[in-house]
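Coordinate-derived values only; no laboratory data. These figures come from a predicted structure and were not determined experimentally. For neighbour counting, all protein chains shown are included, and Cβ atoms are generated from backbone atoms with ideal geometry for every residue, glycine included.
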Amino acid sequence: MAAPSKSYGIWPYVQMARVDHWFKNAFMLLGVIVALFVEPSLLRVDVIPRLLLAFFATCIVASSNYVLNEMLDAPYDRQHPVKKHRPAAAEKVRRRWALAEWLGLGILGLGLAWLVNPWFTAAAAALWIMGILYNVKPIRTKELPYLDVLSESINNPIRLFLGWFPLIPDRVPPLSLVLSYWMVGAFFMALKRFAEYRTIGDRATAIRYRRSFAHYDEDRLLVSVFFYAIAASLFAGVFLVRYHLELILGIPFGAGLLAYYMKLGLKHDSPVQNPERLYRERGFMLFAMVSVAVFVLLMFVQIPALYDAFNVELVKTSPLWIIGP
């Protein structure tokens with residue numbers, strides 16, 4: 001007697017697009033802020049529709065990547081205590097329809113990106129291509145130790161470009177800032193790997209879930225976390241000394257934010273395994289919002305006394321406000 005056919009609804013395909021992960025595209029905000037710092041004349045109401053279109057296009061491209069990720073990770077997700085309930089792992093979707101969803105969202109996202117400008121489209125295409133390199137064999141960088149973290153976290157500087165290009169399409173942001181943003185993303189991702197490894201608790205199971213865990217252990221992952229944090233700080237230091245010394249006053253907030261995130265990463269069954277749920281960590285979210293507010297404020301003020309104290313020449317960018325003589 002034939003087995004009864006499964007019923008496939010629309011909702012599992014919606015879940016695969018992970019709309020709840022769209023908040024990660026808030027990392028585009030740094031590109032917007034730096035673009036406005038470089039060109040204060042862009043602070044106009046008429047740029048808002050362009051930025052909203054850019055944000056939506058980025059979200060659609062990201063959803064395309066999520067669909068591909070979940071479709072190809074299904075055999076591995078079944079080894080994870082939580083991810084085994086995802087639609088693809090639970091066999092709630094048809095592979096050919098999921099593939100069509102991935103391709104359709106990718107085409108739609110890049111089509112919307114073209115309405116912004118060609119350079120933004122190139123950055124959106126880079127985001128989509130990185131999703132392929134991260135997930136698809138024979139490259140599948142997510143299975144290679146350290147490259148798994150670096151190839152995923154490079155989406156951070158790509159999102160920086162996606163925030164910058166809608167406003168300034170003929171130049172790129174400072175390389176020091178791009179590298180620092182990449183290392184910040186690597187810090188977050190390495191800490192997520194560490195939390196996943198500890199939560200699974202069994203090395204053999206961890207390796208079946210993610211092959212890069214064959215190389216990792218808790219010590220190696222923690223050492224990599226410290227490396228990325230230090231690299232991010234050094235590149236950030238180059239940026240603030242070269243472009244805007246006022247940001248030196250925000251160092252305690254930046255360092256505090258990384259330390260707070262690491263504290264969360266060291267928790268049992270850490271929330272950093274699922275960044276989309278970090279909103280539940282109210283203390284962290286409050287500190288993050290205050291840190292962002294301080295960063296934005298410092299980006300657009302000038303404090304001449306700091307340049308005298310640190311013997312640094314003034315940058316030739318017009319501030320919104322000047323504090324002190």
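The table that follows gives values for the structure above.
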read-out	value
Total charge dipole magnitude, region 105-201, about the Cα centre, Cβ charges on Lys, Arg, Asp, Glu only, Debye to nearest 20	160 debye
Gain in span if fully extended, I129 to K84, counting 0.36 nm per residue against the direct Cα distance	13.6 nm
Mean shadow area of region 1-131 over all directions, Cα convex hull, nm²	9.9 nm²
Difference of contour (0.36 nm per residue) and Cα-Cα distance, D308 to R203	32.3 nm
Value at 222 nm in deg cm²/dmol, rounded to 500, when DSSP H runs of n ≥ 4 in the chain each add -39,500 (n - 2.57)	-20000 deg cm²/dmol
Angle in degrees between helix 155-164 and the longest Cα principal axis of the chain, rounded to the nearest 10	50 degrees
Cα centroid separation - region 15-41 against region 222-254, whole Å	20 Å
Distribution of pairwise C-alpha distances over region 67-127, 10 Å bins, in %	23, 36, 25, 16, 1
Centroid-to-centroid separation of region 179-207 and region 118-175 [C-alpha atoms, Å]	19 Å
At most 16 other Cβ within 10 Å, DSSP loop - chymotrypsin sites (Phe, Trp or Tyr not before Pro), region 198-235	none
Pairwise FRET efficiency - V136 versus R44, Cβ, R0 = 51 Å, nearest 0.05	0.80
Principal-axis tilt of helix 95-114 within the chain, Cα atoms, nearest 10 degrees	20 degrees
Charge dipole (debye, nearest 20) of the chain; +1 at Cβ of Lys and Arg, -1 at Cβ of Asp and Glu	1120 debye
R0 of 41 Å, Cβ-Cβ distance L297-W114: FRET efficiency to nearest 0.05	0.70
Square roots of 5 times each gyration tensor eigenvalue, C-alpha, region 165-301, largest first, Å	31, 18, 13
Cα-only radius of gyration and Dmax that characterise region 71-177, units Å	16.3, 47
Computed E for R242/V19 - FRET, C-beta separation, R0 30 angstrom, nearest 0.05	0.20
Matching label, Cα extents along the principal axes in Å computed from the structure shown, candidates [x] 64, 54, 35; [y] 87, 46, 36; [z] 83, 41, 30	[y]
The chain: angle of helix 282-299 to the longest principal axis, Cα-based, in degrees nearest 10	40 degrees
Partner aspartates and glutamates for K263 [C-alpha distance under 13 Å; skip if fewer than 8 residues away on the same chain]	E281
Region 165-233 - Rg (one decimal) and Dmax (whole number), Cα, Å	16.1, 50
Charge dipole magnitude, Cβ of K and R +1, D and E -1 - region 1-132, Cα centre, debye nearest 20	480 debye
Chain lengthening between A122 and K267 when straightened (0.36 nm per residue, less Cα-Cα)	48.3 nm
